[in-house]
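Student: Can you read through this structure? Questions will come right after.
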Amino acid sequence: MIDISAIGRDLRLIKERSPLVHNITNFVVMNNTANALLAIGASPVMAHAIEEVEEMAGIASSLVLNIGTLEPRWVDAMMLAGKIALKRNIPIVFDPVGVGATSYRSEVCKQIISECKPSIIRGNASEIIALCNENVKTKGVDSTESSDSALSWAMQLAREVNAVVVISGQTDYITDGELVEMIYNGSTMMEKVTGMGCTATAVLGAFAAVNPSMFDAAIHGMAVMGIAGEIAASASKGNGSLQVNFLDELYAMDEEVLCRTFRQ
Ligand SMILES: Nc1ncnc2c1ncn2[C@@H]1O[C@H](COP(=O)(O)OP(=O)(O)OP(=O)(O)O)[C@@H](O)[C@H]1O
Ligand SMILES: Cc1ncsc1CCO
Ligand SMILES: [Mg+2]
């Protein structure tokens, strides 16, 4: 049973503390994810230069690593920032964008998971399945699988790497390897806005910065994503307005909206 008042408490903490979320993310979503973090009250910074990532991770409250438009210098930067985050014991949230599409992505994901030890890994179903099966090829950044088909893989992965694993999709699944929670809110229109998954990962970075339970942080972040997306989609003609309306709904999110819209 998901505790709505605990989600409301996390939202208030994010607004009160405005945690610095250090993102090393892709070119496609930088603006959207920074705006989503601002909308819920966090303080985003996008920084990927090898020359500064250690200092930035040294003052951040959480670190978001996203391989969407990876290249070697960025991967080196992720490893450097990840080591500092690990040393400081701040949460790392990892988005394995497009893993399984190319062998480079798969190799980099293995390296990040083994050396940075992310606290939360969020991907769509194809990405989570590909993380667990080296021989499975994915089409690109969009999922070709339903989220329920990836659940057993997600549970196995969570146990193997000691992380909370989130599968996003029509139903979102959040697991620590033993427990599983589901979020049913959302809209199919969200699939048509690029980087909605990356935005979910960044939002998880804010929740992980204020909630010491990575399982609860992941549940709360995905609930807020689904609810904001569902309300925004109901007032949107298509993905253009959804992108804007979604930010407005994140900005307006509070316990009253959560209670009204959350579907157990
Ligand atoms: N069919 C759907 N119904 C309801 N919500 C959905 C649906 N598909 C995706 N979502 C929601 O959209 C958000 C992004 O999930 P999605 O699985 O599309 O990420 P993704 O494929 O990694 O996206 P991207 O690579 O573009 O960042 C999540 O909050 C998820 O709950
Ligand atoms: C479309 C796309 N390509 C690389 S990253 C990205 C954003 C959604 O994952
Ligand atoms: Mg994705």
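Student: When GLU178 is evaluated against the numbered criteria (1) over 29 Å from PHE246 (Cα atoms); (2) surrounded by 20 or more Cβ atoms within 10 Å (Cβ to Cβ), which criterion, by number, is the only one it fails?
Tutor: (2)
Student: While we're looking at this one, here's another question. How do the pairs read when you match residues in segment 243-264 that are in contact (Cβ under 8 Å) with a residue 12 or more places away in the chain with residues anywhere that are polar (S, T, N, Q) and open to solvent by 50 Å² or more (accessible area, probe 1.4 Å), using Cβ under 6 Å and keeping only pairs 6 or more apart or on different chains?
Tutor: LEU247/ASN35
Student: To continue, here is another question. Considering only segment 45-74, state which residues are within 16 Å of ligand 1 (Cβ to nearest atom) and not polar (S, T, N, Q).
Tutor: Result: MET46, VAL64, LEU65, ILE67, GLY68, LEU70.
Student: Still on this structure, I have one more. Test each condition in (1) within 23 Å of MET30 (Cβ to Cβ); (2) more than 16 Å from ligand 2 (Cβ to nearest atom) for LEU204 and report the one that comes out false.
Tutor: Against the list (1) within 23 Å of MET30 (Cβ to Cβ); (2) more than 16 Å from ligand 2 (Cβ to nearest atom), LEU204 comes up short only on (2).
Student: Could you say which residue among ALA47, ALA36, ALA60, ALA42 is open to solvent by less than 30 Å² (accessible area, probe 1.4 Å) and out of contact with any helix residue (DSSP H, G or I) (no Cβ under 6 Å at 6 or more places or on another chain)? Can you show your working first?
Tutor: On the way: ALA47 fails: out of contact with any helix residue (DSSP H, G or I) (no Cβ under 6 Å at 6 or more places or on another chain); ALA36 fails: out of contact with any helix residue (DSSP H, G or I) (no Cβ under 6 Å at 6 or more places or on another chain); ALA42 fails: out of contact with any helix residue (DSSP H, G or I) (no Cβ under 6 Å at 6 or more places or on another chain).
One residue alone meets the criteria, ALA60.
The values are calculated or read from the model by the stated rules, or taken from the named source; none is laboratory data. It should be emphasised that the depicted structure is a prediction, and the values quoted were computed from it without experimental measurement. No Cβ is skipped: glycine too gets one built from the backbone with ideal geometry, and neighbour counts run over all protein chains shown. In case anyone asks, the SASA skips ligands and DNA or RNA and just uses the protein heavy atoms, side chains included. Shrake-Rupley method; radii C 1.70, N 1.55, O 1.52, S 1.80 Å.
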